[in-house]
1. With the checklist (1) open to solvent by less than 60 Å² (accessible area, probe 1.4 Å); (2) closer than 29 Å to Asp53 by Cβ; (3) touching a residue at least 40 places away in the same chain (Cβ under 8 Å); (4) in a loop (DSSP other than H, G, I, E, B) in hand, flag the one item Phe99 doesn't pass.
2. Can you name the residue in region 1-18 that is in a loop (DSSP other than H, G, I, E, B), open to solvent by 50 Å² or more (accessible area, probe 1.4 Å) and free of Cβ contacts under 8 Å to residues at least 40 places away in the same chain and is also nearest to Asp53 (Cα to Cα) among such residues?
3. Is there a residue in region 29-42 that is surrounded by 11 or more Cβ atoms within 10 Å (Cβ to Cβ), in contact with a strand residue (DSSP E or B) (Cβ under 8 Å, 6 or more places away or on another chain) and at pLDDT below 95?
4. Which residue pairs have Cβ atoms closer than 6 Å, lie 6 or more positions apart in sequence or on different chains, and pair a first residue in region 131-159 that is more than 21 Å from Asn91 (Cβ to Cβ) with a second residue that is among the aliphatic types (A, V, I, L, M) and part of a helix (DSSP H, G or I)?
5. Exactly one of these conditions fails for Thr145: (1) among the β-branched types (Val, Ile, Thr); (2) surrounded by 15 or more Cβ atoms within 10 Å (Cβ to Cβ); (3) part of a loop (DSSP other than H, G, I, E, B). Give me its number.
6. Would you pick out the residues in region 43-70 that are farther than 27 Å from Ile5 by Cα, loosely packed, with under 13 Cβ neighbours inside 10 Å and not hydroxyl-bearing (Ser, Thr, Tyr)?
7. Can you find even one residue in region 120-130 that is of a type in the set (A, V, I, L, M) and either under 30 Å from Gly32 (Cβ atoms) or in contact with a His (Cβ under 7 Å, 6 or more places away or on another chain) (or both)?
8. If you scan region 103-128, which residues turn out to be over 16 Å from the mean Cα position of the chain (by Cα) and open to solvent by 80 Å² or more (accessible area, probe 1.4 Å)?
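The values are calculated or read from the model by the stated rules, or taken from the named source; none is laboratory data. All of these numbers come straight from a predicted model, not from anything done at the bench. Because the Cβ atoms are built from the backbone with ideal geometry, glycine has one as well, and the counts that use them run over all protein chains shown. The accessibility values were calculated without ligands, DNA or RNA, using every heavy atom of the protein model including side chains. Shrake-Rupley method; radii C 1.70, N 1.55, O 1.52, S 1.80 Å.
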Amino acid sequence: AIQWIDAQRQRGKPFFAYITPNAPHGPLVSPGPQYDKLYAGKSIQGRKLGTSDIPYYAMISNIDDNLGKLLAKVREWGLETNTLMIFMTDNGSTHGRLFSAGMRGGKGTPCQGGTRVPAFWRWPGTLPAGVDVNPLTAHIDLFPTFVELAGTRIPEGVNVDGRSLVPLLRD
């Protein structure tokens with residue numbers, strides 16, 4: 001993704017990059033021993049990490065490292081203030097048995113532990129930093145939000161479920 005974004009940047013072209021790593025989904029395969037050593041012998045909430053847990057958390061750490069590299073490149077290239085970065089995950093965790101943030105349920109359940117996910121939006125100079133938005137939102141809100149941020153409108157007669165999140169993001 002970094003190479004592709006750099007190619008778009010060098011051509012002066014705007015870009016949309018949708019990056020969907022399979023991690024931390026099965027098969028749980030560690031990205032390498034440098035990540036395994038972060039979790040070997042560790043416990044979460046008093047429960048020692050097992051052999052399938054270590055690759056799971058190692059995969060998450062690898063995502064963190066690579067997202068950091070991507071953000072650093074966007075900053076280095078001077079694209080930071082005109083690039084909206086969104087980090088989201090999918091629904092719930094199969095490893096919620098180790099840490100569920102106190103939520104009931106997990107992946108595949110209709111409970112909060114199976115449906116609640118983070119969404120981190122970053123756009124320096126446009127969106128305020130360090131703000132938590134508490135109202136519930138959903139995937140159906142993304143399209144109306146992107147339409148508004150792009151300064152365009154949904155064509156008359158096109159029915160769209162969801163609402164723009166711009167008012168929540170800006171205030």
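1. (1)
2. Within region 1-18, the first condition is being in a loop (DSSP other than H, G, I, E, B), and the residues that meet it are 1, 12-18.
Remaining after also requiring open to solvent by 50 Å² or more (accessible area, probe 1.4 Å): 1, 12-16, 18.
Filter once more, keeping what is free of Cβ contacts under 8 Å to residues at least 40 places away in the same chain: 12-16, 18.
Values: Gly12: 43, Lys13: 41, Pro14: 39, Phe15: 36, Phe16: 33, Tyr18: 27 Å.
Here the residue is Tyr18.
3. The answer is yes; a qualifying residue exists.
4. Glu148/Val166; Ile154/Val147
5. Looking at each condition in turn, Thr145 falls short on (3).
6. Just the residues of region 43-70 that are farther than 27 Å from Ile5 by Cα, to begin with: 43-57.
Narrowing further to those that are loosely packed, with under 13 Cβ neighbours inside 10 Å: 43, 45-48, 50-52.
The answer is Gln45, Gly46, Arg47, Lys48, Gly50.
7. In the first step, residues of region 120-130 are kept if they are of a type in the set (A, V, I, L, M); the result is 127, 129.
In the following step, the residues that additionally are either under 30 Å from Gly32 (Cβ atoms) or in contact with a His (Cβ under 7 Å, 6 or more places away or on another chain) (or both) were identified as none.
No - not one qualifying residue is present in region 120-130.
8. Scanning region 103-128 gives Arg104, Pro110, Gln112, Gly125.
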